[in-house]
Amino acid sequence: MKQIKAIIRPEKLSDVRSALEELDCYKGITMTEVLGQGNQKGIVRSWRGEKYEIDLIPKVCIELVVRDEDVNRIKDTIIKNAQTGEVGDGKIFVINIDEVIRIRTGEEGLSAL
Ligand SMILES: Nc1ncnc2c1ncn2[C@@H]1O[C@H](COP(=O)(O)OP(=O)(O)OP(=O)(O)O)[C@@H](O)[C@H]1O
Ligand SMILES: [Mg+2]
């Protein structure tokens, strides 16, 4: 099992969500509003001639734990729907998951997904 953790632009969330729902290969999903910083370490804006820097930019973090064989399809779908080609499009991390336990029943492994 793998965890896919994708940090994307908030305005891309609804496209990414509907595309993932259509794929029909995940059982659960967690979404969080986050603040982050990438390579560029923020952006410079100006207001009434004054320049100021915003170093933490709002993003959305999507987390799903899925079967190994579904990782590539999910990854490709996120890229297709979250990409603008501009800096700040986000990042996808793929993380090994050792165990999943459904608290209600105590089931473990794939059947607990
Ligand atoms: N190495 C990292 N570790 C943890 N979070 C990261 C990392 N890189 C990016 N992020 C998260 O992803 C968000 C978007 O990153 P971003 O797309 O700007 O990455 P980047 O490496 O700067 O790529 P680009 O050059 O395309 O902007 C960041 O605001 C941060 O929340
Ligand atoms: Mg960046």
> Which of Met1, Met31 comes first, and how do the rest follow, when ranked by fewest Cβ neighbours within 10 Å?
Replying inline: Met31, Met1
>> Quick check: the angle from helix 71-82's long axis to the longest principal axis of the chain, C-alpha only, nearest 10 degrees?
In response: 30 degrees
> How long are the three semi-axes of the equivalent ellipsoid of region 2-112, in whole Å, if each is the root of 5 times an eigenvalue of the C-alpha gyration tensor, listed from largest down?
Replying inline: 33, 15, 11
> Of Ile4, Ile43, Ile57, how do they rank once you tally other Cβ atoms within 10 Å and put the fewest first?
Replying inline: Ile43, Ile57, Ile4
>> Give me Arg17, Arg104, Arg48 sorted ascending by neighbouring Cβ count inside 10 Å, so fewest comes first.
In response: Arg48, Arg104, Arg17
> Around Asp55, what is the net charge, scoring Lys/Arg as +1 and Asp/Glu as -1 over all other residues with Cβ under 15 Å from its Cβ?
Replying inline: +3
>> Taking the 0 to 90 degree range and rounding to the nearest ten, how far is the long axis of helix 13-23 tilted relative to the main principal axis of the chain, both from C-alpha atoms?
In response: 20 degrees
> So how far, in whole Å, is the C-alpha centre of region 95-113 from the one of region 1-44?
Replying inline: 22 Å
>> If the reach is capped at under 19 angstrom between alpha carbons, list the lysines near Lys12, excluding any in the same chain fewer than eight residues apart.
In response: Lys59, Lys75, Lys80, Lys91
> Put a dot 7 Å past each Cα toward the Cβ at Tyr26 and Cys61; how far apart are the dots in nm?
Replying inline: 1.4 nm
> In percent, how large is the relative contact order of the chain, given Cα pairs closer than 8 Å and 6 or more residues apart?
Replying inline: 42 percent
> What size of dipole, in debye to the nearest 20, comes out for the chain about its Cα centre when the only charges are +1 on Lys and Arg C-beta atoms and -1 on Asp and Glu C-beta atoms?
Replying inline: 380 debye
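Bear in mind these aren't lab numbers, they're just calculated from the coordinates by the rules spelled out. Note that the structure is predicted; figures quoted are calculated from it, not measured. Backbone-built Cβ (ideal geometry, glycine too); neighbour counts: all protein chains shown.
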